[in-house]
Amino acid sequence: MNARRAALVAAAVLGLAVVVVIVVRTPWNVLPEPPGGYTEPDPTAGLGADRIERAEAFAAALRPASLVSIVLGLVVSAVLGLTPLGGRLVRAVAAPLGGRWSTQVLVGVPVLVAIGRLVTLPVSVYAETVRHRYGLSTRGWGLWVRDVAVSVAIGAVLTTFVVLMFLWLVRRAPRTWWAWAGGVAAALVVIGSFLYPVVIEPAFNRFESLPAGELRSDLLLLAEENGTPVQDVLVSDASRRTTALNAYVSGFGSTRRIVVYDTVLAELPDEEIEAIVAHELGHVATDDVLTGTLMGALGAAAAVALLGWLLTSTPLLRGAGADSPGDPRVVPLLLLLVSVGGLLAAPVQNLVSRQIEARADLRALELTGDAEAFIGMQRRLAATNLGDPDPPAAWHWYFASHPTAAHRIAMAEDWQRLEGP
Ligand SMILES: [Zn+2]
């Protein structure tokens, strides 16, 4: 069996493993059907007509921008990756520095990342203007520029590092590189998930412990009852950027943390804060970050094996003007394939995510026993975050990581019916 074929077989086997893990680890059926059937979700989620109109107008202003941004990014990547233009650019920018392969990566990748960001920048400016207009963004333009610059810098450094390692492996092991690179990619996903809360999150927000008091004691007690005691509940200074209400859990092992936006503390009554934190504790109880990381690691390994097949395809290499997968002129093609992979994976990730979110909702209901507070919290989140309670089905399928507010409220009502009065 030649190396190309082996890569394709490995990609198929790993792809199958991803499917098996997804099928087995995803909670497909979260709540048993109550007598009389599931509640039909109320598409208004109980919000007033003015609220719904506002959320729909907000979505109508932002959705086209999201699509334009995706298409624009893809077109530019395709032009650079499928024609010799990108490869020539990588060579040209490194030429004054001597033009070794490593120099081409070190200079070329940041230039490609910056170009990708620059072409979609006008759309980002427009989107931020919309968020300002609707009062969702509290971020001044100075902070916006700083945020964009920091995320581009982080993206450029990480991408350069990964591509450098990738090309080094390709040049070291011209036949079996995809096997080594697949292992490295899986390991990087795990390491990234561990480091994210300590490296990336602090680049944007400051975190402080929730001050001592009744709420803090109640939340720590809730974690205790959940069987997942936590050292600390952190509050992020999200209000510097947004009025949105949110909380999340990130990291695992020693870097695991529950983070609540300061906007939540300012806006929500205690029982609704408990409902939000109970949802996050639900993620902790079922090790959802670990599940996501494992799926991501397997998926990354499968994707790299597929790269082993694609990057040795003569027509693709010829199109990119590269001689071999170890030629730095292959980098724009590599970046294109990675972004296409990301776009294809998104609806699968979101499908799994929505089920996992529903399970965390159920856990929150069981933990607090307070469906009223949960429903109140969902309404308040939808209203404040300008979430469309009834988005177009295709949009929801592709982009939504959470069930709609309408579905989450319907599930809470079903849970109440199952529990009895
Ligand atoms: Zn969640």
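The values are calculated or read from the model by the stated rules, or taken from the named source; none is laboratory data. This one's a predicted model, so the numbers in the text were calculated from it and none came from an experiment. As a convention, Cβ positions derive from the backbone with ideal geometry for all residues, glycine included, and neighbour counts pool all protein chains shown. Calculation scope for accessible area: heavy atoms of the full protein, side chains included, ligands and nucleic acids excluded. Shrake-Rupley method; radii C 1.70, N 1.55, O 1.52, S 1.80 Å.
Table for the structure above
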| read-out | value |
| --- | --- |
| Residue in the range 142-151 that is at pLDDT 95 or above, touching a strand residue (DSSP E or B) at 6+ places or on another chain (Cβ under 9 Å) and open to solvent by less than 30 Å² (accessible area, probe 1.4 Å) present | yes |
| Considering residues of the range 401-421 that are in a loop (DSSP other than H, G, I, E, B) and buried (at least 19 other Cβ atoms within 10 Å of the Cβ) only, the residue farthest from the chain's Cα centre (by Cα) | 404 |
| Residues of the range 324-339 classified as open to solvent by 30 Å² or more (accessible area, probe 1.4 Å) and out of contact with any Gly (no Cβ under 9 Å at 6 or more places or on another chain), total | 2 |
| Test set (1) away from the ligand (no atom under 16 Å from the Cβ); (2) closer than 29 Å to residue 379 by Cβ - residue 261 fails condition number | (1) |
| Residue 253, sole failed condition from (1) crowded, with 19+ Cβ neighbours inside 10 Å; (2) over 24 Å from residue 387 (Cβ atoms) | (1) |
| Residue satisfying condition, being away from the ligand (no atom under 15 Å from the Cβ) and either free of Cβ contacts under 8 Å to residues at least 12 places away in the same chain or on the phi < 0 side of the Ramachandran plot (or both), within set 371, 358, 412, 405 | 371 |
| Helices (runs of 4 or more DSSP H) wholly inside the range 233-315 that include at least 3 residues being closer than 26 Å to residue 412 by Cβ and under 16 Å from the mean Cα position of the chain (by Cα) | 288-310 |
| Enumeration of residues in the range 381-398 that are within 16 Å of the ligand (Cβ to nearest atom) and in a helix (DSSP H, G or I) | 381, 382 |
| Flag if residue 79 is surrounded by fewer than 18 Cβ atoms within 10 Å (Cβ to Cβ) and closer than 18 Å to residue 346 by Cβ | no |
| Cross-chain or 6+ apart pairs with Cβ under 6 Å, the range 236-255 first and touching a residue at least 60 places away in the same chain (Cβ under 8 Å) and of a type in the set (Gly, Ala, Ser), then away from the ligand (no atom under 16 Å from the Cβ) and open to solvent by 30 Å² or more (accessible area, probe 1.4 Å) | 239/262 |
| Meets criteria (surrounded by 21 or more Cβ atoms within 10 Å (Cβ to Cβ) and out of contact with any Pro (no Cβ under 9 Å at 6 or more places or on another chain)) for residue 230 | no |
| For residue 332: the one exception among (1) part of a helix (DSSP H, G or I); (2) out of contact with any Leu (no Cβ under 9 Å at 6 or more places or on another chain) | (2) |
| Residue that is most open to solvent (accessible area, probe 1.4 Å) [pool: residues in the range 186-227 that are in a strand (DSSP E or B) and under 28 Å from residue 131 (Cα atoms)] | 208 |
| Any pair with Cβ under 6 angstrom, 6 or more apart, that starts in the range 278-294 at a residue that is farther than 14 Å from residue 248 by Cα and ends at one that is near the ligand (Cβ under 10 Å from one of its atoms) and polar (S, T, N, Q) | none |
| Condition met for residue 281 (touching a helix residue (DSSP H, G or I) at 6+ places or on another chain (Cβ under 8 Å), more than 16 Å from residue 189 (Cα to Cα), of a type in the set (A, V, I, L, M) and more than 16 Å from the ligand (Cβ to nearest atom)) | no |
| Matching residues, the range 239-256, being within 13 Å of the ligand (Cβ to nearest atom) and of a type in the set (Gly, Ala, Ser) | 247, 250 |
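Here's the yes/no breakdown for (1) within 25 Å of the chain's Cα centre (by Cα); (2) surrounded by 17 or more Cβ atoms within 10 Å (Cβ to Cβ):
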position	(1), (2)
10	no, yes
16	yes, no
20	yes, no
23	yes, no
28	yes, no
34	no, no
38	no, no
51	no, yes
56	yes, no
